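This report refers to the structure that appears directly beneath it.
The values are calculated or read from the model by the stated rules, or taken from the named source; none is laboratory data. Nothing here was measured: the structure is a model prediction, and the numbers come from that model. When we count neighbours, we look across all protein chains shown, and the Cβ atoms used for this are built from the backbone with ideal geometry, even at glycine. Heads up: the accessible areas ignore ligands, DNA and RNA and are worked out on the full protein's heavy atoms, side chains in. Shrake-Rupley method; radii C 1.70, N 1.55, O 1.52, S 1.80 Å.
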Amino acid sequence: MKIAVDIDDTLNIVQRAKFAEAYIKRNRLPFEITDPYADKFVKVVNWRVEDAVAFIKDGGMVVFTDAPVRKGAREALERWREQGHEITILTARPKDWFINPEAISRDWLQKRKIPYDKLVAQCAQKGEYCREHYIDVLVDNDVDHCVAAQNAGVSAVLAAGRHCKDRLNEVAYSASDWEGIERCVAEIARRKGLV
C-alpha cells in the first residue's frame, strides 16, 4: 500500500502561538494571538501573510526546524515500512517561506530518524498528487487536503486537533494520536483488501 504523510502538525508538533507571541513582544509589534490552536500562521495571529513571512525570515523558521515529533509517529512509520508499505512524505511547505523546503524537510526527518521512501515538498494540491501517483492513503492534519484526497478517490486520515474540531465529519477517518491513525490506516487497508 502507498501511504502519503504530511509533516507539520501530523508528524510533528508546531508551536506557532508560543513562538509568534515571543516574536511580537520582542519586536513590540501591534499584533496579537487570535487563535492559538490554528494550524496556519495567518490564522494564529492577526497579521498578513507578509508579516508571517517576515517572522519566518527573522528566525521563526525554528518553529518548524525544531518542532518535536508527535508521540508514536516514528514508530508507526517504522511498522508500516516493516509491513512493506511505501511511504511518501508529502508537504505543502512553500519555497517563499522555506527557501529550500525539500532540504529543510529532509534534515528534520533525518535528525529524528523518521523512515520514508520518498519526499515531496511544495505540494499545494495533495489530493491531485495522491490521485496521480496512486497513493492509497493520505495522512494529514489539514481538512481541506483530506477532503481533496477523498474527492480524488484516495482514502484520507485526518490527524485531528483543536484546529479542526468543528470539521471532523468532513473526513471519513480521523484520530487525535498516532495509535488511532494507525488503526484507521489498518481499517482502510482491510476494507481495500490490501492486507
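Go through the residues of the range 167-183 one by one and say whether even a single one is open to solvent by less than 40 Å² (accessible area, probe 1.4 Å), touching a helix residue (DSSP H, G or I) at 6+ places or on another chain (Cβ under 8 Å) and of a type in the set (S, T, N, Q).
No - not one qualifying residue is present in the range 167-183.
Counting only residues that are within 15 Å of Asp66 (Cβ to Cβ) and out of contact with any Asp or Glu (no Cβ under 8 Å at 6 or more places or on another chain), which one in the range 18-35 is least open to solvent (accessible area, probe 1.4 Å)? Lay out the reasoning, then the answer.
Filtering the range 18-35 down to residues within 15 Å of Asp66 (Cβ to Cβ) leaves 18-20, 22-23.
Those left that are additionally out of contact with any Asp or Glu (no Cβ under 8 Å at 6 or more places or on another chain): 18-20, 22.
Numbers: Lys18: 127, Phe19: 67, Ala20: 0, Ala22: 51 Å².
Checked the range 18-35; the qualifying residue least open to solvent (accessible area, probe 1.4 Å) is Ala20.
Would a scan of the range 115-129 turn up a residue that is in contact (Cβ under 8 Å) with a residue 60 or more places away in the chain and in contact with a Pro (Cβ under 9 Å, 6 or more places away or on another chain)?
No; the residues of the range 115-129 include none that is in contact (Cβ under 8 Å) with a residue 60 or more places away in the chain and in contact with a Pro (Cβ under 9 Å, 6 or more places away or on another chain).
Assess whether Ile87 counts as being under 23 Å from Arg183 (Cα atoms), in contact (Cβ under 8 Å) with a residue 40 or more places away in the chain, of a type in the set (A, V, I, L, M) and in contact with a Pro (Cβ under 9 Å, 6 or more places away or on another chain). Show your work before the answer.
Numbers: under 23 Å from Arg183 (Cα atoms): yes; in contact (Cβ under 8 Å) with a residue 40 or more places away in the chain: yes; of a type in the set (A, V, I, L, M): yes; in contact with a Pro (Cβ under 9 Å, 6 or more places away or on another chain): yes.
So Ile87 fits the description; yes.
Scan the range 92-145 residue by residue and report those that are open to solvent by 50 Å² or more (accessible area, probe 1.4 Å) and either of a type in the set (Val, Ile, Thr) or under 13 Å from the mean Cα position of the chain (by Cα) (or both).
Correct list: Ile99, Gln122, Ala124, Asp144.
Just one of the numbered conditions (1) part of a helix (DSSP H, G or I); (2) without any contact (Cβ under 8 Å) to a residue 60 or more places away in the chain; (3) surrounded by 20 or more Cβ atoms within 10 Å (Cβ to Cβ); (4) not aliphatic (A, V, I, L, M) is not true of Cys164; which one?
So Cys164 meets the others, but not (2).
Against the condition part of a strand (DSSP E or B) and free of Cβ contacts under 8 Å to residues at least 24 places away in the same chain, how does Leu158 come out, does it pass? Reasoning before the result, please.
Values: part of a strand (DSSP E or B): yes; free of Cβ contacts under 8 Å to residues at least 24 places away in the same chain: yes.
Considered against the rule, which asks whether it is part of a strand (DSSP E or B) and free of Cβ contacts under 8 Å to residues at least 24 places away in the same chain, Leu158 comes out as yes.
Mind counting the residues in the range 36-64 that are open to solvent by less than 30 Å² (accessible area, probe 1.4 Å) and touching a residue at least 60 places away in the same chain (Cβ under 8 Å)?
2
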